[in-house]
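The values are calculated or read from the model by the stated rules, or taken from the named source; none is laboratory data. If you're wondering where the values come from, they're calculated on a predicted model, not measured in any experiment. Glycine gets a Cβ as well: all are built from the backbone with ideal geometry, and neighbour counts include every protein chain shown.
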Amino acid sequence: MKRRAFTLLALGFSLVTITNAVAQTQIYDAKTRKWIDYDKKKARQLYARNKQLPEAFRMQMVPFRTAEQPGTIIIDGNQHFLYLVQPGGQAIRYGIGVGREGFGWAGIVRVGRTAEWPTWTPPAEMVARDVNAAKWAAGMPGGPDNPLGARALYLYEDENDTIYRIHGTTEPWTIGLDVSSGCIRMNNDDITDLHSRVAVGAKVIVLMQGAALYRGV
């Protein structure tokens, strides 16, 4: 399969390569000096061994050129990064996991509301097929076992909830991957940090190669 590589070394970013058809994250192993596919099995092994994410997906300040105002969130779903624009041509970069609900859309929305330890309400189709989800049909209270994690940012178009969220996760090893469920997920420390910095009303730009346009991109 033909690959298109996006190299951001000049901006101080870690290198990530993705395929045209299916986003496949690769990370550079500095010890072996080789690129490795960051698939679900390797991701879990690396996290279990190191008790933290690969450096590429840890929160860090990076140079970032954009005309957007500080406080804007820019999500690069293909490369599994979320940027919070800062003054002076910089951004805070966080690693993300992109769930099935997240990688089918792109657009410009805003943070309509936020929540600490949000309630999770499984969709009706999940309740119908999953007995574990069915017991939470009326909503699972927030807590360390809740799939939405420690914080959630709810994305709105005008006054309407789009159903898309940026939220925490109970599975931190999935950061850097496309995963089977959820929207845009972050590890709990990172979403807690982001939540503390972002105001309701903040602009959110979602970029996703091959996605249907939601609004504005």
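If I ask for residues that are modelled with pLDDT under 95 and assigned to a loop (DSSP other than H, G, I, E, B), which ones from the range 200-216 would you list?
MET208, GLN209, GLY210, ALA211, GLY216
When you look at GLN52, is it over 15 Å from the mean Cα position of the chain (by Cα), part of a helix (DSSP H, G or I) and farther than 19 Å from CYS183 by Cβ, yes or no?
When the stated conditions are applied, GLN52 does not pass them.
Do any helices (runs of 4 or more DSSP H) lying entirely in the range 112-198 carry at least 3 residues that are without any contact (Cβ under 8 Å) to a residue 24 or more places away in the chain, and which ones are they?
Result: 124-129, 131-134.
How about the range 141-152: which of its residues are farther than 19 Å from THR174 by Cβ and not small (Gly, Ala, Ser)?
Of everything in the range 141-152, just one residue is farther than 19 Å from THR174 by Cβ and not small (Gly, Ala, Ser), namely PRO141.
Inside the range 61-102, counting only strands (runs of 3 or more DSSP E) that do not spill past its ends, which hold 1 or more residues that are in contact with a Gly (Cβ under 7 Å, 6 or more places away or on another chain) and either of a type outside the set (Phe, Trp, Tyr) or surrounded by 15 or more Cβ atoms within 10 Å (Cβ to Cβ) (or both)?
81-86, 90-95
Given the conditions (1) free of Cβ contacts under 8 Å to residues at least 60 places away in the same chain; (2) more than 19 Å from THR192 (Cβ to Cβ); (3) among the small types (Gly, Ala, Ser), and given that ALA106 satisfies all but one, which numbered condition is not satisfied?
(1)
Return yes when ILE184 is under 30 Å from LYS42 (Cβ atoms), crowded, with 20+ Cβ neighbours inside 10 Å, within 13 Å of the chain's Cα centre (by Cα) and at pLDDT 95 or above and no when it is not.
Here the answer is no, as ILE184 does not meet what is asked.
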